[in-house]
1. Having 2 or more residues that are more than 16 Å from the ligand (Cβ to nearest atom) is the bar; report the helices (runs of 4 or more DSSP H) wholly within segment 323-435 that clear it.
2. Could you pull out the residue among Asn357, Asn323, Asn301 that is on the phi > 0 side of the Ramachandran plot, in contact (Cβ under 8 Å) with a residue 40 or more places away in the chain and of a type in the set (S, T, N, Q)?
3. Name the one entry in Pro169, Pro138 that is over 29 Å from the mean Cα position of the chain (by Cα) and modelled with pLDDT of 95 or more.
4. Give the number of residues within segment 297-322 that are part of a helix (DSSP H, G or I) and within 15 Å of the ligand (Cβ to nearest atom).
5. Somewhere in segment 266-275, is a residue within 24 Å of Tyr207 (Cα to Cα), of a type in the set (Ser, Thr, Tyr), buried (at least 23 other Cβ atoms within 10 Å of the Cβ) and within 16 Å of the ligand (Cβ to nearest atom)?
6. Just give me the residues in segment 181-215 being open to solvent by 10 Å² or more (accessible area, probe 1.4 Å) and of a type in the set (A, V, I, L, M, F, W, C), in sequence order.
7. Can you confirm whether segment 109-124 contains a residue that is buried (at least 20 other Cβ atoms within 10 Å of the Cβ) and in contact (Cβ under 8 Å) with a residue 60 or more places away in the chain?
8. Could you please find all residues in segment 537-555 being hydrophobic (A, V, I, L, M, F, W, C) and over 11 Å from Pro654 (Cα atoms)?
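The values are calculated or read from the model by the stated rules, or taken from the named source; none is laboratory data. Given the structure is predicted, the values throughout are model-derived calculations rather than measurements. Quick reminder, even Gly has a Cβ in these numbers, built from the backbone with ideal geometry, and neighbours come from all protein chains shown. For the accessible areas, the whole protein counts, side chains as well, though only heavy atoms, and no ligand, DNA or RNA atoms are used. Shrake-Rupley method; radii C 1.70, N 1.55, O 1.52, S 1.80 Å.
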Amino acid sequence: MTASGESQPGRGPAVPSASATVAHQPVSGGGARLSAGLLHAWQQRNAEASLPLALRQLETAGNLANVRLAVSGAREGYRGPVFMDSDIYKVLEAIGWELGRSPDEGLASFLAETTLLLEKAQQPDGYLNSYMQVTGRPRYSFLASSHELYCAGHLIQAGIACQRGAGDPALLAVARRFADHLVDHFLDRQEGIDGHPIVESALAELYRETGHEPYLRLAGQFIERRGHGLIGDSGFGSRYLQDHEPVRDTVTEVGHVVRALYLDTGVADVATETGDAALLQSSLTRWADMVAAKTYLTGGNGSRHEGESFGDRFELPPDRAYNETCAAIASFQWAWRLLLATGDAGYADLMERILYNGFASSTATDGTRFFYVNPLQRRADHFEKDDPGRRRKWFNCACCPPNIMRTMASLQHYLATVSAGTLYVQQFTCATLSAPLAGGVLTVEMATDYPWAGSVELRVTSAPPQACGLAVRVPAWSAVPQIRRNEDLVEADPERGYLVVRGQWRPGDVLRFELDTTPRLTYPDRRVEAVRGTAAIERGPLVYCVEQADQPAGTEVADLALVPGELEEVSATLPGVGSTILIRASAVHRPQPQQPGLPYHAAAGTAPASGAQTSGAQASGAQASGAQASGAQTSEAPASGDADGEPVTTTAIPYFQWDNRDGRPMQVWIPVANA
Ligand SMILES: [Zn+2]
């Protein structure tokens, strides 16, 4: 059921109701399907490798055992963090989307069995939480950290996925009973708020699915209650919980990143459903600030390990980047909602950056190991406590792997939107896109080797009787392409980051265009002190890194300095990595001086404007040691240091493919040598 009361199976994770104040709607009713290419391969890998692993881990880690304890009425034996139920729900959500994509008996029976188990564990008034039920702690007695509503939110999202994807309403019925209990307990009452948002967007989506308005009102109240000190202290302070000031007044993202971005995802949902322009504007303001000053090149967020949190503006150290995978997913979800709200391509641009970099890096090529933390540099002999920082099969706090799985299983829903009689292609991959438009249905088959190649073909396979539009996003990194309709160049209107071609379409019509994926160097804003004097290599939507495994013998990543010049593409298939396009670049290699004393120098090598001279060894050594030592520089463009050193050709690999070999050092930002 939708807010307008009509069931629409095949819909995706976030679909505004017909009355919502949005510029775009997703293509609905199963109107997008991946058919080949990188995203499709990821989705297949998710189904064949990642989800089977998750089903095993939910047993071995104790998640399902906890629910069985709750069913039996046991009062001891609970294992793991308080939010273990949420891992089950995220896996069930992934299964819901996956079953909508492709039937699978094993997944279907797991869904049926687990739903039955949850039905049994659910208490008569709808409450369901294995941690609270088994430990016997009073409900809602420590909302700052109990994650009760967080788990409820994931249950609701899983129920919706199983309804929309698998066409199975059983889990949604469990979720609704819990949601109805939440309405009874929290709506119009000051009964607190969960320390970890997500129930806000889940309730808004449940309103969209059911048309039951109290869900939306409760979502709105949870948002408005923040910022008044109602949550209490979880030990990390009020900013960690986004409880330091009212949401409407907040202009910059602070605190725990996943909390902040799930909250804003809910803000966008509630604002668009209620038509609250001021609330939406607050979200847009925070997004713009986050992108301008708190976002890594990979699209990741969170520069502080302490509290898994945002740092200050421009505090973006590459080696200490936290960039939790769940944060990338939350940012992706938030940007999708702002894209729908505004129709501005910039939101889809960030989604693309996240998708191919900060999100994609989370998963090993084989789909069975995952990053929780996604740094932009790993040094030799790295450890974080006793962890060398490589991908792992699972985690004690296992929020990220099942979050990856539900996102992978639903990727097709983020490919395209519709607005004012136009189909907007937001992401480029091999897919079928279909939307009711202009008194009929416009269906296009998209063919491309994206992100490896920039050429894209859109072939119309069914067309409505009346004229309509077909629009393509022009990524900010590309020049505006020429578009050909069949063989003829067409005039396409530039509009908010899109090229729009309008007209009467016929089956067999083809639109062709080519985005410019020429490799390029990208320089940081000078206020990002941690990477001053460096550059990164990008190609199309892909951020690159230099990984030790690809460097010439005797060349250390940490001793490289880039010499700006030609960047050469090389197609390759690498063991452990698979197909890729590497980029070769000129560099100098300067082993750092092995001498006692502080790693700082008195004069040149860090301040070319001073005119001071020093030995080449000292100068380039300081430069190659990283930009951290280059605080005296004043330009964000190629910096000090020198080209003195052994000329070498360095090889860069897409960032998302790193750490699939021997786990040696990696850097995205590379010091620039003076040519
Ligand atoms: Zn996580």
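1. By residue number, 325-342, 345-353.
2. Going through Asn357, Asn323, Asn301 in turn, just one is on the phi > 0 side of the Ramachandran plot, in contact (Cβ under 8 Å) with a residue 40 or more places away in the chain and of a type in the set (S, T, N, Q): Asn323.
3. Pro138
4. Adding up the residues that qualify gives 2.
5. no
6. Val183, Leu187
7. Among the residues of segment 109-124, at least one is buried (at least 20 other Cβ atoms within 10 Å of the Cβ) and in contact (Cβ under 8 Å) with a residue 60 or more places away in the chain, which makes the answer yes.
8. Of segment 537-555, the ones hydrophobic (A, V, I, L, M, F, W, C) are 537, 542-543, 545-546, 549, 553.
If the condition is that a residue be hydrophobic (A, V, I, L, M, F, W, C) and over 11 Å from Pro654 (Cα atoms), then Ala549, Ala553 are the ones that fit.
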